[in-house]
1. Name the pairs whose Cβ atoms lie under 6 Å apart, with the first residue in the stretch 285-306 and more than 22 Å from Gln321 (Cα to Cα), the second in a loop (DSSP other than H, G, I, E, B) and at pLDDT 90 or above, and 6 or more positions between them or separate chains?
2. With respect to Arg364, determine if the residue is surrounded by 13 or more Cβ atoms within 10 Å (Cβ to Cβ), more than 31 Å from the chain's Cα centre (by Cα) and of a type in the set (Lys, Arg).
3. Considering only residues that are aliphatic (A, V, I, L, M) and out of contact with any Leu (no Cβ under 7 Å at 6 or more places or on another chain), which ones fall in the stretch 189-205?
4. Going by what's in this entry, would Thr97 be described as of a type in the set (Val, Ile, Thr), in the same structural domain as Thr152 (by TED's automatic domain parsing), under 26 Å from Ile278 (Cβ atoms) and modelled with pLDDT under 95?
5. Scan the stretch 101-118 and give yes if some residue there is in contact with a helix residue (DSSP H, G or I) (Cβ under 7 Å, 6 or more places away or on another chain) and at pLDDT below 85, otherwise no.
6. So if I check each of Ile305, Ile348, Ile331, Ile245, which one is assigned to a strand (DSSP E or B) and under 19 Å from Gln207 (Cα atoms)?
7. Do we have Ala161 as part of a loop (DSSP other than H, G, I, E, B), assigned by TED's automatic domain parsing to the domain that holds Phe263 and in contact with a strand residue (DSSP E or B) (Cβ under 7 Å, 6 or more places away or on another chain) here?
Amino acid sequence: MLAIIGGLVGSALTVGALWIGGVFEDNVPAGTGTDITQVEPLAEPALDPVSDDPPGAVIITPLDGNSRVSAVAARAIPAIVTVEVGDNVSMPSGGETELVFRAFATGSGVVFRSDGYILTNNHVVEDTVITKVVFSDGRRFIAEVVGTDPLTDIAVLKIDATGLASIEFADIDELAIGDEAIAVGSPLGLEGGPSVTAGVVSAFNRQLTTGPGQNDALYGLLQTDAPITLGSSGGALLNGQAQLIGITTAIGVSDVGAEGLGFAVPVDMVERLAADLIADGVVHHAYLGIGVDDALTESDQGAEIPSGAAVTGFATGSAIQLAGADVGDIIVSINGTPVRTTFDLLSILRSYRAGDEIDVVVNRDGEEIALTVELGQRPDDL
């Protein structure tokens, strides 16, 4: 039986809804403390939320052609941080007491903008009192949590620094199964900087069950055999050109131990989430407002063939119902991307946000009908 280690992630998704329930590694030795002062909220940069960098920024540029893992690691390590979460405790000092930072858990993070924006997992920083980031050269910063998204287990941090080395986003459409995948993170909060492991992209669009509830699943993940360990939550999965292809978020284990299965939130989804979190502090999740079930047809040889997502009902204010869909319609494509199963539908919707307009083709009694749907906003109570 396969389970997903919650120390890297635990989360799940329904139609237009995702739920998180992660466990995070505890009992990490306390870090050496320094006096802590309150961090004032940082001003919003007058930049594009994801792609712009200020003049003179240090950017990690992609390598030309394939590279050795060592070359990728050398470029990436300056942009990978250890994320420490903790609080202040009173400690005796020379007959008096002082407030000292005590870390009670650690994770990883990826600098993706040179003016101090960092990606990590929601389960790394949720409910934290104080968050610090530590660079491989020993620099330590208090971080502001800009925004978190429990539904996809992504969070954005901000530190008061500029000119940082940052990792460029890859084009996910250029990625293929078997391509090189290099994981860089901070397992177990070990001293001495990030760890590097290498493997390949094993699969796309993986669905993981992460808990006992009916909504405990994650959709659309990258799978890799690059070894990923506890504490690497929020770290980078890179291609052979030192570009980000995903944020590591889960590992698979069975009753005999780790199974060489690592999972990451893909970069195209991460980019959209980061833009929303920086701009608004929340993610504008798309919502169709339907119940669905797998539609199956039978081949000439009697095999059952997945043939789309059958609409079984509508929520109040359903976007697709307003566009003309009926119960019994079978969704077969979205913006030209085939939909064979409900899993396909959920994965595709992760690429869009509320307010986007999409073209949906449904099969109604053997006739294909094109609908233009303006995606709704996922309700807060889902």
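The values are calculated or read from the model by the stated rules, or taken from the named source; none is laboratory data. What you see is a predicted model; the values in this text were computed from it and never measured. Backbone-built Cβ (ideal geometry, glycine too); neighbour counts: all protein chains shown.
1. Pairs that qualify, where the first residue is more than 22 Å from Gln321 (Cα to Cα) and the partner is in a loop (DSSP other than H, G, I, E, B) and at pLDDT 90 or above, are Pro306/Arg340; Pro306/Thr341.
2. Yes: the conditions hold for Arg364.
3. Result: Leu190, Val196, Ala198, Val200, Ala203.
4. Considered against the rule, which asks whether it is of a type in the set (Val, Ile, Thr), in the same structural domain as Thr152 (by TED's automatic domain parsing), under 26 Å from Ile278 (Cβ atoms) and modelled with pLDDT under 95, Thr97 comes out as no.
5. No.
6. Residue meeting the stated conditions: Ile245.
7. yes
Residues checked against (1) surrounded by 20 or more Cβ atoms within 10 Å (Cβ to Cβ); (2) at pLDDT 95 or above:
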position	(1), (2)
Tyr287	yes, no
Ile305	no, no
Asp329	yes, yes
Ile334	yes, yes
Thr341	no, no
Leu346	yes, no
Glu368	no, yes
Leu371	no, yes
Asp380	no, no
